[in-house]
């Protein structure tokens, strides 16, 4: 039984010719460029990382290289799995979509490594269209309105915020001392844009002569700015 297994493993080497390997890498590079372009288009602002984008193209080629080495050699594939299992990756993923792009690059590399060009091409086209369609979807950013005022003006400031934002700013923090008060309100991007049409938000509060400081902070999943 042992000899039969050894003969089977040695007979299924799956050696590729030089032309096959070059073709695999060329197709992988072309499809990797599509992944690169898709990531560049669907990501914008602080979430975009040029180095990570280049690494997606490299990941596609490296996966193709691994599959070229493995081929149909079962023994080599088991050894490769054992070798890769000891590698620990600690790269921080800033955007959940980045995980999808990583798997996309690996999948394309696997398909190209086994010369499944049609499957790789059709799959890349479908994923590209889906990511372009939904990649531009952005979460509604949250805004924090931070207001500081003397304690004797606290009640009037609360009424002023209620009137300016039509009750659509929710108080999250109330820091008060005997002399001063600090309020932190949370609201949405749509509400902020609507209020801005009436004028600059900080100026609205400064004109009332009730507050000493006004801060507007934008929060989203990518970065707080």
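Considering only segment 196-209, I want to know if a residue exists there that is in a strand (DSSP E or B) and at pLDDT 85 or above. There is no residue in segment 196-209 that is in a strand (DSSP E or B) and at pLDDT 85 or above. Checked against (1) assigned to a strand (DSSP E or B); (2) surrounded by 12 or more Cβ atoms within 10 Å (Cβ to Cβ), residue 156 passes all but condition (1).
Of everything in segment 8-44 that is over 23 Å from residue 66 (Cα atoms) and surrounded by fewer than 18 Cβ atoms within 10 Å (Cβ to Cβ), the residue that is modelled with the lowest pLDDT is 44. Summed over segment 175-194, residues that are part of a helix (DSSP H, G or I) and touching a residue at least 24 places away in the same chain (Cβ under 8 Å) total 4. Just one of (1) at pLDDT 85 or above; (2) surrounded by fewer than 17 Cβ atoms within 10 Å (Cβ to Cβ) trips up residue 127, so point out which. Failing condition for residue 127: (2).
The values are calculated or read from the model by the stated rules, or taken from the named source; none is laboratory data. Here the structure is a predicted model, which is why all the values come from computation and not from measurement. Quick reminder, even Gly has a Cβ in these numbers, built from the backbone with ideal geometry, and neighbours come from all protein chains shown.
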